Every structure is written in structure tokens, then in C-alpha cells.
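Visitor: This is the structure I want to talk about, given as C-alpha cells.
No value in this document is a laboratory result; all are computed from the given coordinates. Just so it is clear, the structure is predicted and the values come from calculations on it, not from any experiment. Virtual Cβ from ideal backbone geometry, glycine too; neighbours counted across all protein chains shown.
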Amino acid sequence: MPDRIEDSFKDLLASLQTLKFYGNEHPIFKKSVDKAYQSLQGALATREELVVGIVGEELALEKEILFDLSKSVRPTIMYLKDRGIEKIVFYRGVQKEELEKFITFLAMPKEEIKKEAQDYLSLMGIKNIAAGKLKIATAGAPSSPGSFVIPRQFLSNLKFLYEDSLNKVSDSLTGILNSQEVEAATLRFSMHNIMESLQTNYQEFLKLTTLKRYSLETYVHLLNVSILAMHFSSKIGFNKDDVLDIGIAALFHDTGKLYISRRVLGKKDRLTEEEFSQIKSHTVLGAEILLKYVESFGILPVVVSFEHHLKFDMTGYPKIPFLQKPHIASLIVSICDVYDALFQRRGYKLDYSPDMIYNVMIKEKGTTFEPLLLDKFFRLMGVWPVGSIVSLSNGSIAVVRDEHEDDIVSPKVEVIYPADRKEIIDLKERKDAIKIERFLNPWKEGKDFLHLI
Ligand SMILES: [Fe+2]
Ligand SMILES: [Fe+2]
């Protein structure tokens, strides 16, 4: 995490304090806005947007939770939360006047805030800053590469359930990080909710997990892997209790990573040997931490944390000479883990389309992944997962609605564009006439079609 971003946030908070002390006409406030604006410009020099989020009581800049900074600015975090602000996005091109107005808005007495933050910002003519609840559409915000504007129609009950679960899950993870008591019953209950919904309406959930891979990656990754692992294990015949146990183990598989330096985890350049072994240690570290929670969650999270990078052929890490092969829960989690990790990379420069992900993973069949499990996984998910936006060979744009286990490349799709060609097409039945040509990345070329889904 470049210090610049942290500094720009600190400067922003400082000018909010200054405003509260001196009022918005005072030169000291003006000066502090100048400083905040300068450092914001610095941070935006190398990126299109700067995303600040609040997860639980922690601050996340970009996609990383900043535990140390959060500690020192906790009252401000709570203050923002209290005003319904869990996420702020600054877009490149932001003007100093906009920043000043925004800080003034933040200082408004709570009683005067009767609308959603985003509506206020629009009213005040602020175009290059968006703010509001985490993950809610920043309608009206300018679109820029890498920004994510999720249409409001996605805010279905399922999404709230997902987010509520996400919050509870965040609380548990934060608890574990701080070695606190974890509300095991609450967590189990949330996971249970997810599982029930998966069984009745799993496609909705998969759609959400497909589209929501954009922020606060660590948390979202954990929940995604957990949902995938539960869906997968229930489909291959595990009973409800086992599915829940696998889901919880999946949820905690990367717990050790939360202790590894964010500088190392986020490093774009080649890692040094020392850095790589730090990252590798997350398996053992996580297992050690989770050992303290065996009474609440059982031993499976410890096993999965320890083994999820072992690989099916045992060539991964950590090196364990006496083990023959990983536990089936670890094999399941490792498939879901890699699948989700590859999907998440779509948000960045490296564009992995679903068919590329399929090809990458299938190459590892029998080495990294257990062959039967991997085949079954793709029979369930299809090559083009439910919710993917794709272009068809007849020129129209469609969204994948359902998979065929016996034909993983020809799902059922719904044409969404052009408007006069709207229909459901079963590509398996029309194999010779129409096929999927290309995946449209929902952050890029697919973005224009999101509102049609
Ligand atoms: Fe991992
Ligand atoms: Fe992972």
C-alpha cells in the first residue's frame, strides 16, 4: 500500500476536523483542503479512482484493510458509518471545490441528513466523488475504467442476505484477528442461511458471486470460496452438516494471510524468496490460529487451512513427508479457491475470461486438482458460469441462465440485446446454429449491458 494513499486519507480526515473546529470560511480550513486536495491528486495520478471502504470497524483503502490506521481513526470511522457512509470513491478529475463541498457535507449534523449520501452529492453538483453504503450503486457517478456501477435492480433480497452474511462473516474474521471470542452460533446461522438459499435458488447466488468480485477482495474471496464449496459439496452428495462444515472451513482457509504484510501480498513485482516463503507460511499460520477455535468450529478449518495449497499430487506447500494425500475438504476448497482467485483477476489488467479459466484449470487436472472432482466442478459450473454476459455467434448479447451437466460449453442463455430479439435460447439444442463467441467482462465491454440483466 503506497503511503500516498494513506496520507491522502489522513489529510482528508484532518480537514474534516479542521472544519468542525473553525467553520468552512476560515483560512485554516481552506489550507487543510488544499493539502488534502494535493495528496488526493498525488494518489489519483497513477489510478483512475481511489476507493475507501469501511468494513465492520475497519478502514479499507483500495482493497486492503488497514488495521493500524483504523485503530487511530476509529472515532471517524464510526462517525462516517453513523452517517450511512461505508464507501467513498474519488474519481480522477475531482475538483478542489468538489472536495471542499464533500468535506462540508461530511460535517453536516446527522439530523439534517434525510437523504442518501449519494443524492446529496448529486444535489451539490459533486460529480467526481461518490459515497454511500458499501456496494450500493453509485448512480450518477462518472464511469471510468475499473469502476463498478451495479444497477439497482441487483439489490434484491438475496443481495441483502448476502451482505448481511458478509458483515457477520467480517465480524467473525475480525474477531479471530483480534483473538476475541467469536460468535460461533451467529456465524453458523449466517452460513446456514446461505446454504438454504443455495439449495433453493443457487443460481441467484452464483450470479451475485460472479458479479460481486470487485472490492475488499479478501473478505469477498473468502465468502465466495465458501459459497462455491458449499454448493459443490452439496451437489456431490455430502449431507447438510458436512456441507456446513466444509463451508466454514472454506471461509477460514486464508485466515493466515490476514497476518501477512499487505506490502508483500500486494506486491506486483517478482517476489523475493523471503517474501514468497512469507506468503507460503499463511497455511501453517492459519492452522495455528484456527487451532484455538476447534471447540467452536471443529478441526476441519485447521486441516483445510493447512492443506489447501498442498495440491492433489502433494507437490505444493507446506512440505509434509508423511502425508499421502490431502483431505477431500481441502481438495474441494483448493478447486474453489483457484477458480475464485482467477475470476477476481478480471478486475485488473490480466483478463481471464471463463473459458480461459477453464483451460488453465483443466491443464492442472491430476496434478494440482483431483481429476474426478475437477470434472464434476465444471459440469456444475459450466465453462460459462450463470450470470456471465456473452456475445453469441448471431451477433446478439445474452446472459447465461442455466447449465447443462452433459454439455458444459452450451448453456441456456437469455438474449438481452438487441431488445427485439429477446428470448431464451438453449444452446445445447441449437448447437449447430448458434454458439457463444466471447465473454464480455462486466467491468469493461459488458458494463453497458449490466442494466439489462
Ligand atoms: Fe491460500
Ligand atoms: Fe484463497
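Visitor: Would you mind getting me the FRET efficiency between Asp426 and Ile362? Use the beta-carbon distance for r and R0 = 22 Å, nearest 0.05. Let's see the in-between values first.
Guide: Working: r = 24 Å, r/R0 = 1.10.
Using R0 = 22 Å, I get an efficiency of 0.35.
Visitor: Using a/c under 1.5 as the rounded threshold, could you call region 295-380 rounded, prolate or oblate? The axes a ≥ b ≥ c are square roots of the C-alpha gyration tensor eigenvalues, and prolate needs a/b larger than b/c, oblate otherwise.
Guide: It comes out prolate by the Cα gyration axes.
Visitor: Please state the equivalent ellipsoid semi-axes for region 239-385: what are the square roots of 5 times the Cα gyration tensor eigenvalues, largest first, in whole Å?
Guide: Values: eigenvalues 106, 91, 46 Å².
They are 23, 21, 15 Å, listed largest first.
Visitor: Packing-wise, with mean Cβ within 10 Å as the measure, how do 104-113, 440-449, 307-316, 326-335 rank, highest first? Walk me through the numbers on the way to the answer.
Guide: Working: 104-113: 12.9, 440-449: 17.5, 307-316: 19.8, 326-335: 24.9.
So the order, starting with the most tightly packed, is 326-335, 307-316, 440-449, 104-113.
Visitor: Tell me, how many Å apart are the Cα centres for region 228-278 and for region 1-51?
Guide: Distance between centres, Cα-based: 36 Å.
Visitor: Additional query: Would you work out which of His451, Leu372, Ile424 lies farthest towards the positive end of the dipole of region 342-453, given +1 charges on the beta-carbon of Lys and Arg and -1 on that of Asp and Glu, about the Cα centre?
Guide: His451
Visitor: Counting other beta carbons within 10 Å of each residue's own, what order do Phe322, Phe369, Phe343 fall into, fewest first?
Guide: Values: Phe322 4, Phe369 24, Phe343 20.
Exposure proxy ranking, most exposed first: Phe322, Phe343, Phe369.
Visitor: In units of 2.2 N^0.38 Å, what is the alpha-carbon radius of gyration of region 25-122? Don't skip to the end; give the middle numbers.
Guide: Details: Rg = 13.8 Å, N = 98, 2.2 N^0.38 = 12.6 Å.
Working it through for region 25-122, the quotient is 1.10.
Visitor: Loop-only trypsin sites (Lys or Arg not before Pro) in region 216-306, please: DSSP not H, G, I, E or B, and at most 16 other Cβ atoms within 10 Å. Provide the component values of the computation, followed by the final result.
Guide: Numbers: sites: Lys235, Lys240, Lys257, Arg262, Arg263, Lys267, Lys268, Arg270, Lys280, Lys292; in loops: Lys267, Lys268, Arg270, Lys292.
Those satisfying the criteria are Lys267, Lys268, Arg270, Lys292.
Visitor: Mind checking which aspartates and glutamates have their Cα closer than 15 Å to the Cα of Lys363? Skip sequence neighbours fewer than 8 apart in that chain.
Guide: Reachable aspartates and glutamates: Asp313, Asp355, Asp375.
Visitor: Using a ≥ b ≥ c from the Cα gyration tensor of region 389-452 (square roots of the eigenvalues), is it rounded, prolate or oblate, where a/c under 1.5 gives rounded and otherwise the larger of a/b and b/c decides, a/b for prolate? Display every interim value, and only then the final one.
Guide: Details: a/c = 1.87, a/b = 1.49, b/c = 1.26.
It comes out prolate by the Cα gyration axes.
Visitor: Here is a follow-up. Each residue of region 276-284 in order: what ³J(HN,Hα) in whole Hz does its phi give by Karplus 6.51 cos²θ - 1.76 cosθ + 1.60, θ = phi - 60°, with x for Gly and Pro?
Guide: Along region 276-284, the couplings run 5, 6, 4, 4, 4, 5, 5, 5, 5 Hz.
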